[in-house]
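Q: Structure below; questions to follow.
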Amino acid sequence: MRPETEAELAEAIATADAPLAIRGGGTRGVNLNGDLIETGGMSGITLYEPGSLTIVVQAGTPLAQVDAALAAEGQRFAFEPMDHRGLMDTSGVPTIGGVVAANVSGPRRVSVGACRDFMLGVRFVDGSGTIVKNGGRVMKNVTGYDLVKLMTGSWGTLGVLTEVSLKVLPQPESSACVLIDGLSDADAVAAMSKALASPFEVSGAAHVPVGQDGSPVTMLRVEGFAGSVTYRSNQIAALFPDHDVRIERDGGAVVKGWAWVRDVEAFRDKAGDVWRVSCTPSDAAEIAARMKADGLIYDWGGGLIWARVPEGTGLRTQLGAFDGHATLVRGTGQLKFQPEPAALAALSNGLRHRFDPKGNLNAGLMG
């Protein structure tokens, strides 16, 4: 089923008497039982005001179309959404609704925040078939629900997005990347923390134990006006006088290198399950050592670890208790999301029942 309007979607959900599998562009490889509803029929930019740094887009709009419209005005989504297709070996088209539904956020999250932090408003159809808009229904005013925050990252379990409003930011004039070669994982996390704590406005901090040339590389990105980027990248490099440091100043190469990190290209066409582990950066190297992974990428200064492990590895059991959570991004036979503590699970289940009383929307995906 591919509704062309919000009203058609509402009718389909209201009359459904069986589980529904909600899909945007189909790029994340999530397969659920149920009647398929695709949001791609609801597509188009509703409103774009470059001077106000805001854009309103129907949920099924291809992300590439929105990116092109923003680029024409010298603007972008600062949260740098990932393209999952290479990692997941899928051929779909990423949509803006899918980005919001999964709160997809890339390397720049460490400096500017996540997709959720750029959301201004939503329209969606809840599990009873009711059309809801941010601030336009009594439910929000009475209950105090922050609908924007609730829907961003809810993976279609509370409602099906039909339109999203986001804040955008100008594209930087220049970019550079300070590269430190040969660091151990622990030393790299310490270096990233040092750079992020400096006054030089690092917009990306990642470490790859096996870089594109096969050697460890730690990446520290700087963006902004050309003169500022030159000064700040030099100052960051000077923070590490005892290390092998170089600076990449070619803007195209910087963009390409960070897209490689953002899209986890190092794991493309390589066998194994892929996990996304969020943790305290200071614990990252020790947590990664417990994984015994075939491949690792540290992002967000160590706060995010991408791990490629043999198929079927019970990574959560292997890690034990730690301050964070593990999400199965690629693989089968295990829970995708980490089970919540009992008190939090009760709250989550209560929210899902409130917004989807029939329990039809992406049933079982999040518990």
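Read the figures in this text as sums done on the coordinates, not as results from a lab. Nothing here was measured: the structure is a model prediction, and the numbers come from that model. Glycine also receives a Cβ, built like all others from the backbone with ideal geometry; neighbour counts cover every protein chain displayed.
Q: For Glu286 and Asp146, what is the calculated FRET efficiency with R₀ set at 35 Å and r taken between the beta-carbons, to the nearest 0.05?
A: Working: r = 35 Å, r/R0 = 1.00.
Rounded to the nearest 0.05, the efficiency is 0.50.
Q: Apply the Karplus parameterisation 6.51 cos²θ - 1.76 cosθ + 1.60, with θ equal to phi minus 60°, to every residue of the range 19-36 and state each ³J(HN,Hα) to the nearest whole Hz, in sequence, with x for glycine and proline.
A: Here the 3J(HN,Hα) series is x, 10, 9, 8, 9, x, x, x, 8, 9, x, 8, 10, 10, 6, x, 6, 6 Hz.
Q: Going by amide H atoms built from the backbone, whose H comes under 5 Å of the H on Glu173, apart from near neighbours?
A: Result for Glu173 returns Gly224, Phe225.
Q: Provide the FRET efficiency to the nearest 0.05 for the Thr317-Asp244 pair, computing r from the beta carbons and using R0 = 41 Å.
A: Details: r = 38 Å, r/R0 = 0.93.
Efficiency for this residue pair is about 0.60.
Q: Choose one of Gly25, Thr15, Thr39: the residue whose Cα lies farthest towards the positive end of the charge dipole of the range 1-45 (beta-carbon charges +1 Lys, Arg; -1 Asp, Glu; about the Cα centre).
A: Among Gly25, Thr15, Thr39, the one farthest towards the positive end of the dipole of the range 1-45 is Gly25.
Q: Follow-up question, since we're still on this one. Any of Lys149/Lys270; Lys167/Lys270; Lys133/Lys358; Lys292/Lys336; Lys270/Lys336 with alpha carbons more than 31 Å apart? Name them for me. If you can, show how the numbers build up before the last one.
A: Working: Lys149/Lys270 35 Å; Lys167/Lys270 36 Å; Lys133/Lys358 20 Å; Lys292/Lys336 20 Å; Lys270/Lys336 20 Å.
Too far apart for the 31 Å limit: Lys149/Lys270; Lys167/Lys270.
Q: Another one. Residue by residue through the range 66-80, which ³J(HN,Hα) values in whole Hz follow from phi under the Karplus form 6.51 cos²θ - 1.76 cosθ + 1.60 (θ = phi - 60°), with glycine and proline marked x?
A: Result, rounded to whole Hz: 5, 4, 5, 5, 5, 4, 4, 9, x, 10, 6, 7, 5, 7, 6.
Q: Kindly write out, for the range 123-129 in residue order, the coupling ³J(HN,Hα) from the Karplus curve 6.51 cos²θ - 1.76 cosθ + 1.60 (θ = phi - 60°), rounded to whole Hz, with x marking Gly and Pro.
A: 3J(HN,Hα) across the range 123-129, in whole Hz: 10, 7, 10, 7, x, 9, x.
Q: Amide H neighbours of Gly106 under 5 Å, at least 5 residues apart or on other chains, H built in the peptide plane: list them.
A: Amide H to amide H, under 5 Å and 5 or more residues apart or across chains, Gly106 pairs with Glu80, Met82.
Q: Let me ask another. Starting with the highest mean, order 99-105, 44-50 by the number of other Cβ atoms within 10 Å, averaged over the residues of each peptide.
A: Final packing ranking: 99-105, 44-50.
Q: Just how large is the dipole of the chain about the Cα centre, in debye to the nearest 20, putting +1 at every Lys and Arg Cβ and -1 at every Asp and Glu Cβ?
A: Details: 33 positive and 40 negative charges, 121 e Å.
Using only the charged Cβ atoms, the result is roughly 580 debye.
Q: How long is the gain from Arg268 to Val255 if the chain were fully straight, where each residue apart is worth 0.36 nm and the alpha carbon distance is subtracted? The partial results should precede the final answer.
A: Working: separation 13, 0.36 × 13 = 4.68 nm, distance 1.85 nm.
Fully extending the segment from Arg268 to Val255 adds 2.8 nm.
Q: Tell me which of Met366, Gly320, Ala345 sits at the most positive position along the dipole axis of the chain, charges placed on C-beta atoms (Lys, Arg +1; Asp, Glu -1).
A: Toward the positive end, the furthest listed residue is Ala345.
Q: Something else now. Compute the distance in nm between two label points, each set 7 Å from the Cα along the Cα-to-Cβ direction, one at Ala14 and one at Leu120.
A: Rounded to a tenth, the inter-label distance reads 3.0 nm.
Q: Glu163's amide H: which non-local residues (gap 5+, or another chain) put their own amide H closer than 5 Å, with H modeled 1.01 Å from N in plane and none for Pro or chain starts?
A: Under 5 Å from the amide H of Glu163: Ala59, Arg123.
Q: Then there is this: For the range 173-217, what relative contact order do you get, as a whole percent, if you take Cα pairs closer than 8 Å and at least 6 residues apart?
A: Details: 31 pairs, mean separation 19.8, N = 45.
So the answer I get is 44 percent.
Q: I want to check the label-to-label distance for Ala345 and Leu36. Put each point 7 Å from Cα in the C-beta direction and report it in nm to one decimal.
A: 3.2 nm
Q: When DSSP assigns beta bridges and you keep just the ones with both residues in the chain, what percent turn out antiparallel, to the nearest 5? Working shown, then result.
A: Numbers: 59 of 64 bridges.
In the chain, DSSP labels about 90 percent of beta bridges as antiparallel.
Q: If you don't mind, another one. How big is the dipole moment of the range 208-367 about its Cα centre under a simple scheme where the beta carbon of each Lys and Arg is +1, that of each Asp and Glu is -1, and everything else is neutral? Debye, nearest 20, please.
A: Working: 18 positive and 18 negative charges, 110 e Å.
That gives the range 208-367 a dipole magnitude of about 540 debye.
Q: Name all residues of the range 154-198 having a backbone nitrogen under 20 Å from the label point set 7 Å from the Cα of Thr230 along its Cα→Cβ direction, giving them as ranges.
A: Answer for the range 154-198: 172-179.
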